[in-house]
């Protein structure tokens, strides 16, 4: 007989510390929640801090769908220097400096990187090429190119431009900005491309993710706080916050729980829809395909 889980089940919104990989946070959460069944939605680089969405037990089945939602970041971009990794963790590869660079020029460069754009991901990343991670190819000294990918930068708002001097004495400009973007957008690559367009080079020096879909820093807890008191968002609450809602009657609930495709014309949503029964219980994620509700994951 299969043992039923009696521990916590749902989403945990973590305020990831700098220096931790996303996998490090998952490992910590496995210890805190006392279960191996923990996953994350959307990776954060070790340097970055902020919102990392974890799923515990059945909620891991939501993660692949949550990873596709919009994200928001607070970033600091240094113009005047280029690094191997496009962020402050990589060695400096060029120091052109940014003396006399105007705010108008920076704003014009930012405008070019706003909207629907094609972006070449950072080479030092986990993207696989013929089964091998891109960063491993870089470490092995391979010369290769990554294909550009379509991404959407909904908002790229510059708050402040500051004059600064890098450790090697190079005069630089530090740009504080907020970026709202689609899944798969590399903020490091935005920094790189902004610097390239301005002829100064650029890289990311600080990054904090402030939102993943509907989940923001207000709902996030540090690992230390979670160690003291584990805060888990129930699956039903998480689904209701992240996806459009479809309430069904008892007979429809029974059929959907058994994987039956119901007529569902006009759900009015692109992507997953959360289905709830008459008792308010979360039943499934579905999507409309040719007028039918196709189950993506059943939770009943």
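The values are calculated or read from the model by the stated rules, or taken from the named source; none is laboratory data. None of the values given here were measured: they were computed from a predicted structure. When we count neighbours, we look across all protein chains shown, and the Cβ atoms used for this are built from the backbone with ideal geometry, even at glycine.
Here 82, 93 are screened, and the one residue that is outside the structural domain of residue 44 (by TED's automatic domain parsing), touching a strand residue (DSSP E or B) at 6+ places or on another chain (Cβ under 7 Å), at pLDDT 90 or above and exposed (fewer than 14 other Cβ atoms within 10 Å of the Cβ) is 93. Quick one: would you say residue 277 is on the phi > 0 side of the Ramachandran plot and either at pLDDT 90 or above or not assigned by TED's automatic domain parsing to the domain that holds residue 38 (or both)? No. Can you say whether residue 184 is assigned to a loop (DSSP other than H, G, I, E, B) and over 22 Å from the mean Cα position of the chain (by Cα), as far as the supplied structure shows? It is false that residue 184 is assigned to a loop (DSSP other than H, G, I, E, B) and over 22 Å from the mean Cα position of the chain (by Cα). Out of everything in the range 25-37 that is in contact with a strand residue (DSSP E or B) (Cβ under 9 Å, 6 or more places away or on another chain) and part of a helix (DSSP H, G or I), what residue ends up being nearest to residue 208 (Cα to Cα)? This residue is 25. Looking only at residues in the range 233-269 that are within 28 Å of the chain's Cα centre (by Cα), free of Cβ contacts under 8 Å to residues at least 60 places away in the same chain and in a strand (DSSP E or B), the one that is surrounded by the fewest Cβ atoms within 10 Å (Cβ to Cβ) is 245. Considering 160, 142, the condition of being assigned to a loop (DSSP other than H, G, I, E, B) and either over 23 Å from the mean Cα position of the chain (by Cα) or modelled with pLDDT under 95 (or both) is satisfied by 142 alone.
Just one of the numbered conditions (1) crowded, with 18+ Cβ neighbours inside 10 Å; (2) modelled with pLDDT of 95 or more; (3) assigned to a strand (DSSP E or B) is not true of residue 40: (2). Sort out which residues of the range 270-291 are surrounded by fewer than 15 Cβ atoms within 10 Å (Cβ to Cβ) and out of contact with any helix residue (DSSP H, G or I) (no Cβ under 6 Å at 6 or more places or on another chain), and write them in order of number. 270, 271, 279, 280, 281, 289, 290, 291, listed by residue number.
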